[in-house]
Amino acid sequence: MSIDGTSDAGRDLALRIATFKAQTLAELTGGGKTGSSEGFGALLASLKGGAAAVESAAGSSGVQGLSPTGRNEALFDPESAYRMMSEINYRNVLYKGQFAELSQMQTSLETMAAAGTALGSVDAGSSDEAIRQKLAQFVSDYNAWRTGFDEDMQQGGILADTQAAQVAGYELEQSVENPFNGADLGLRGMPDLGLSIDPVTKQAVLDEAALSRALQQNREGVVATVHQFSGNFVKSAELLTSSNNFFDRQLDNLSRAITYIADNQSSLQQEFGLGDTYQPKGKLAAALAAYERMLA
């Protein structure tokens, strides 16, 4: 069936491509928000416009059998359709890898909440060395978390385009740098205690000399600031993984996209051709293997 009811394989191909993108790609960039539906409208209009210039080489019988090379020769442009299926094959792997990595990140945020909670044990009776050790341990835990997912969140990484991962990285960083912790006692957050985030590496850094000065000048303020930071950091970590929040929604969208491809792969391949099989490497290959283990 074509867009206007005539026998036009080119138009039919364009509409099916638009439908596929709407059900898989748009979900992962907005989950049904207004902006996403508007983006889909523009995409559909663009594809319809492009399809209007396509002349069908197929008869009214529609899709024919695939060629030995896996192309649907009944289409006016079987090579473009084949490339589209190659893209679907790639995204099938990518979405599974993203699901595994996001699931791991969600679990690891519980570890970060525990690291924040540990700082809450600092009190007026804690020695300077005990406070230093607590902060040093937090820095170590934070940096281990950041290092574990930093490659994923960089441009071109598995989680570069996933909102949940980007928000998690940003929110925890901002929590550390929040200048309002301890403000009622004359301090401007953890940076005044020597704990900050390196703007280049995004790693946490503890300036022990600055911490010693803060303890000497305003010990009560240091303890209060650590307590406030501990509570707020834990809230940030828990909010990110709370029910129906960023991770739950992103994982649900990915699950639906994976299911859509699985349920329609045969018909998509019959329509567009087999496409190239995508062979993941490196981190994506490891993430795909993790996803497969999740299903075992």
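Of all residues in region 172-214, exactly one satisfies the criterion of being of a type in the set (Asp, Glu), surrounded by 13 or more Cβ atoms within 10 Å (Cβ to Cβ) and part of a loop (DSSP other than H, G, I, E, B), namely ASP207.
Within the option set LEU254, LEU284, LEU288, LEU274, being in contact (Cβ under 8 Å) with a residue 24 or more places away in the chain and either on the phi > 0 side of the Ramachandran plot or assigned to a loop (DSSP other than H, G, I, E, B) (or both) holds for one residue only, LEU274. Within region 215-245, restricting attention to residues that are among the small types (Gly, Ala, Ser) and assigned to a loop (DSSP other than H, G, I, E, B), the residue that is modelled with the highest pLDDT is SER242.
In region 126-137, the residues that are in contact (Cβ under 8 Å) with a residue 60 or more places away in the chain reach residues that are open to solvent by 40 Å² or more (accessible area, probe 1.4 Å) and among the aliphatic types (A, V, I, L, M) with C-beta atoms within less than 9 angstrom, at least six apart or across chains, in these pairs: LYS134/ALA118.
Any residue at all in region 111-127 that is closer than 22 Å to TYR291 by Cα and open to solvent by 40 Å² or more (accessible area, probe 1.4 Å)? Yes, there is a match, as at least one residue in region 111-127 is closer than 22 Å to TYR291 by Cα and open to solvent by 40 Å² or more (accessible area, probe 1.4 Å). TRP145 meets the conditions (1) among the hydrophobic types (A, V, I, L, M, F, W, C); (2) over 24 Å from the mean Cα position of the chain (by Cα); (3) within 23 Å of GLU238 (Cβ to Cβ) in every case but one. The failed one is (2).
Within the set GLY148, GLY116, GLY97, the sole residue that is touching a Phe, Trp or Tyr at 6+ places or on another chain (Cβ under 9 Å), closer than 25 Å to ASP198 by Cβ and in a helix (DSSP H, G or I) turns out to be GLY116. LYS202 falls short on exactly one of the conditions (1) modelled with pLDDT of 95 or more; (2) on the phi > 0 side of the Ramachandran plot, and that condition is (1).
Within region 156-168, is even one residue open to solvent by 50 Å² or more (accessible area, probe 1.4 Å), touching a residue at least 60 places away in the same chain (Cβ under 8 Å), closer than 29 Å to LEU254 by Cα and in contact with a Gly (Cβ under 6 Å, 6 or more places away or on another chain)? No, region 156-168 has no match at all.
The values are calculated or read from the model by the stated rules, or taken from the named source; none is laboratory data. In this text, all values refer to a predicted model and were calculated from it rather than measured experimentally. All Cβ positions, glycine included, derive from the backbone under ideal geometry; neighbour counts span all protein chains shown. Surface accessibility is based on the protein's heavy atoms, side chains included, excluding ligands, DNA and RNA. Shrake-Rupley method; radii C 1.70, N 1.55, O 1.52, S 1.80 Å.
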